[in-house]
Amino acid sequence: MSTGGLLAPALRWAIAATLAASGYVHAQLYVDEYRFIHIVGPLFLLQASVSFAVAALLLIGMPPLLRIAAAGVALGALGGFAASRTVGVFGFTEHGLQPAPQALLSLLAETGTLLLLATWQATVTGQHRAARPPVKEYPLMPLQPRPATAGPSPHLRELRDTVRTLLGLDEDTAVIIRQFAYTEPGRPPLETVVAVLSMDGDARRWTLHRPADQITENDLRAALLHHRPN
């Protein structure tokens, strides 16, 4: 098989890989944090499920309907990303490339899917038009290199350590602290959610109605020890 004949299958597998990567990022965000958010959480689960399904079907073939589905999944994810940072999605908003590094990885995966689809189409069109000379090869469009992932701020690390100390948690129990912005009337513009996820699947969640950088050890003590989880 010629190099041109190998390029189209390679692109098809690459498209399936970028879709699966996007699905994994959305699934991880759903499991770790977003499943607690009304409407938005199920949308993340739906995005992950459809991404995995389309990626699996792409390993079998590349019919027009499946190419349209792959582009639609990527464009839908990019549209949701843009909306959540502008007008909001059902009252939920995010800022910049947060959460990190998932937001950046998701952008790269979905942009890569669209670029690879365009490259695949150009490659196949060139193969069909040219019998002689041999099919012109179109190089893959490389993704931008990943920047180094920034770790959590010292204040967030201190808050997580305080949660572990107050609740007597072991290292196998995940502690997640996230700040959310809302635009719904009558709701505080910024809330901080403290979630504790144990290995056995048990999840506890507390909501503090203030920004994360204003939370003190006394705030955590009052919320965790004197109030029931949400």
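Could you grab the pairs with beta carbons closer than 6 Å, sequence gap of 6+ or different chains, first residue in region 209-230 and open to solvent by 90 Å² or more (accessible area, probe 1.4 Å), second one part of a loop (DSSP other than H, G, I, E, B)?
Here the result reads His209/Pro188, each pair linking region 209-230 to a residue that is part of a loop (DSSP other than H, G, I, E, B).
So Leu159 passes all but one of these: (1) at pLDDT 85 or above; (2) surrounded by fewer than 17 Cβ atoms within 10 Å (Cβ to Cβ). Which condition number does it fail?
(2)
Does Arg12 meet the test of being open to solvent by 40 Å² or more (accessible area, probe 1.4 Å), touching a Leu at 6+ places or on another chain (Cβ under 9 Å), over 21 Å from Gly112 (Cβ atoms) and assigned to a helix (DSSP H, G or I)?
Criteria not met by Arg12.
Does region 26-40 contain any residue that is small (Gly, Ala, Ser) and either open to solvent by less than 20 Å² (accessible area, probe 1.4 Å) or part of a loop (DSSP other than H, G, I, E, B) (or both)?
No, there is no match, as no residue in region 26-40 is small (Gly, Ala, Ser) and either open to solvent by less than 20 Å² (accessible area, probe 1.4 Å) or part of a loop (DSSP other than H, G, I, E, B) (or both).
The values are calculated or read from the model by the stated rules, or taken from the named source; none is laboratory data. This one's a predicted model, so the numbers in the text were calculated from it and none came from an experiment. Please note: Cβ atoms are built from the backbone with ideal geometry, for glycine as well, and neighbour counts cover all protein chains shown. Each accessible area value is taken on the protein alone, full model and side chains, heavy atoms only, with ligands, DNA and RNA left out. Shrake-Rupley method; radii C 1.70, N 1.55, O 1.52, S 1.80 Å.
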